[in-house]
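Worksheet: one structure, shown below.
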Amino acid sequence: MQLRDNAERYGLVSRLLHWGMALVLLWQLLSVAARVLLPDTAIDDFLWSTHRQTGFLLFVLIGFRIVWALANISRRPPSVSLAARLGHILLYVLLFAVPLLALVRQYGSGRAFEPFGIPLFSGFDGDSIAWMIQPASLAHGALGWTLFALIVGHILMAFWHRRQPGWTDVLPRMWGRN
Ligand code: HEM
Ligand code: HEM
């Protein structure tokens, strides 16, 4: 399989990023679902303890994915509709903004943050930085849930496209050989 995309299908790198991030996002969804549905249980404690570093991993991956998407923009399979195009762009925007807001808040809190042992923020003494904390406190959770809702819509649309006579079946672009 080709590394780069072509007009008929996504290449290996795009597919690894797409399906790899889908798995990591599923884990992230489990962590917030446990926080809401099973508060103060061992499952919640365990999953929630991974939320920040999994979120950091997703932020790094979306950085690679944006660069890769831009490098392949003229070779990718064309969007099937304006709605699909806008939907994919919105997914990118949220995949970038949701962890970014939280990371800025993490820095502004003044607490050290070492995802996977990487000393990203060493923390500082004194007051936390309000302008760094407020945007995430207002929007991180709501935008995160919006992202998960959009992903559900995205998955439903992928299967819907398969079933509609005369519509392009887009699944083989991202999965299997066509
Ligand atoms: C794509 C990555 C991420 C997604 C999809 C995501 C999603 C969410 C969602 C949906 C909530 C709300 C949970 C609830 O309703 O109780 C939440 C809360 C939270 N997240 Fe994330 N998150 C991500 C990355 C991060 C990162 C990178 C950090 C920190 C470094 C972080 C820290 C937090 C914290 C502290 C909360 C609880 C406070 C709040 O609701 O804002 N998240 N996250
Ligand atoms: C869980 C998180 C998921 C996210 C964030 C996501 C996001 C995206 C994005 C942004 C694209 C545009 C191409 C790209 O830049 O990679 C795309 C394409 C696609 N995704 Fe997903 N996806 C997810 C899961 C899934 C799942 C579970 C399916 C299975 C039905 C799926 C099926 C597809 C298909 C068929 C395409 C190609 C669409 C086309 O070229 O018109 N995705 N996805």
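The values are calculated or read from the model by the stated rules, or taken from the named source; none is laboratory data. Bear in mind that the values here come from a model prediction, so they are computed numbers and not experimental data. Cβ: placed from backbone, ideal geometry, glycine included. Neighbour counts: every protein chain shown.
Does any residue of the stretch 65-84 turn out to be within 16 Å of ligand 1 (Cβ to nearest atom) and either β-branched (Val, Ile, Thr) or surrounded by fewer than 16 Cβ atoms within 10 Å (Cβ to Cβ) (or both)? So that I can check it myself, show each step before the final result.
Within the stretch 65-84, the first condition is being within 16 Å of ligand 1 (Cβ to nearest atom), and the residues that meet it are 65-66.
Then keep just the ones that are either β-branched (Val, Ile, Thr) or surrounded by fewer than 16 Cβ atoms within 10 Å (Cβ to Cβ) (or both); that gives 66.
Yes, the conditions are met somewhere in the stretch 65-84.
Residues Leu58, Leu17, Leu91, Leu25: which one is surrounded by 15 or more Cβ atoms within 10 Å (Cβ to Cβ) and in contact with a Pro (Cβ under 7 Å, 6 or more places away or on another chain)?
Details: Leu17 fails: in contact with a Pro (Cβ under 7 Å, 6 or more places away or on another chain); Leu91 fails: in contact with a Pro (Cβ under 7 Å, 6 or more places away or on another chain); Leu25 fails: in contact with a Pro (Cβ under 7 Å, 6 or more places away or on another chain).
Among Leu58, Leu17, Leu91, Leu25, only Leu58 is surrounded by 15 or more Cβ atoms within 10 Å (Cβ to Cβ) and in contact with a Pro (Cβ under 7 Å, 6 or more places away or on another chain).
List the residue pairs whose Cβ atoms are under 7 Å apart, where the first residue sits in the stretch 19-35 and is hydroxyl-bearing (Ser, Thr, Tyr) and within 11 Å of ligand 1 (Cβ to nearest atom), the second is part of a helix (DSSP H, G or I) and modelled with pLDDT of 95 or more, and the two are 6 or more positions apart or on different chains.
Ser31/Leu47; Ser31/Trp48; Ser31/Thr50; Ser31/His51; Ser31/Thr54
Go through the stretch 71-88 and count every residue that is in contact (Cβ under 8 Å) with a residue 24 or more places away in the chain, within 11 Å of ligand 2 (Cβ to nearest atom) and of a type in the set (D, E, K, R).
Matching residues across the stretch 71-88 total 1.
Taking the options Arg105, Arg111, name whichever one is within 20 Å of Val60 (Cα to Cα) and either near ligand 1 (Cβ under 9 Å from one of its atoms) or of a type outside the set (Phe, Trp, Tyr) (or both).
Working: Arg111 fails: within 20 Å of Val60 (Cα to Cα).
After applying the criteria, what remains is Arg105.
Of the conditions (1) closer than 21 Å to Ser14 by Cα; (2) out of contact with any Leu (no Cβ under 7 Å at 6 or more places or on another chain); (3) among the charged types (D, E, K, R), Arg65 clears all except one; give me its number.
Result: Arg65 fails condition (2) only.
How many residues, within the stretch 120-160, are more than 15 Å from ligand 1 (Cβ to nearest atom) and farther than 16 Å from Tyr107 by Cα?
Result for the stretch 120-160: 7.
Condition (residue is over 21 Å from Ile62 (Cβ atoms), modelled with pLDDT of 95 or more, assigned to a loop (DSSP other than H, G, I, E, B) and away from ligand 2 (no atom under 16 Å from the Cβ)) applied to the stretch 161-178: is it met by at least one residue?
For the stretch 161-178, residues over 21 Å from Ile62 (Cβ atoms), modelled with pLDDT of 95 or more, assigned to a loop (DSSP other than H, G, I, E, B) and away from ligand 2 (no atom under 16 Å from the Cβ): absent.
What's the number of the condition Ala112 fails, among (1) within 16 Å of ligand 2 (Cβ to nearest atom); (2) surrounded by 11 or more Cβ atoms within 10 Å (Cβ to Cβ)?
Of the numbered conditions (1) within 16 Å of ligand 2 (Cβ to nearest atom); (2) surrounded by 11 or more Cβ atoms within 10 Å (Cβ to Cβ), the odd one out for Ala112 is (1).
Tell me, which residue of the stretch 64-81 that is touching a helix residue (DSSP H, G or I) at 6+ places or on another chain (Cβ under 8 Å) and assigned to a helix (DSSP H, G or I) is nearest to Gly117 (Cα to Cα)?
Only one residue tops the list, namely Phe64.
Would you mind telling me which numbered condition in (1) of a type outside the set (Phe, Trp, Tyr); (2) surrounded by 12 or more Cβ atoms within 10 Å (Cβ to Cβ); (3) away from ligand 1 (no atom under 12 Å from the Cβ) Val98 fails?
(3)
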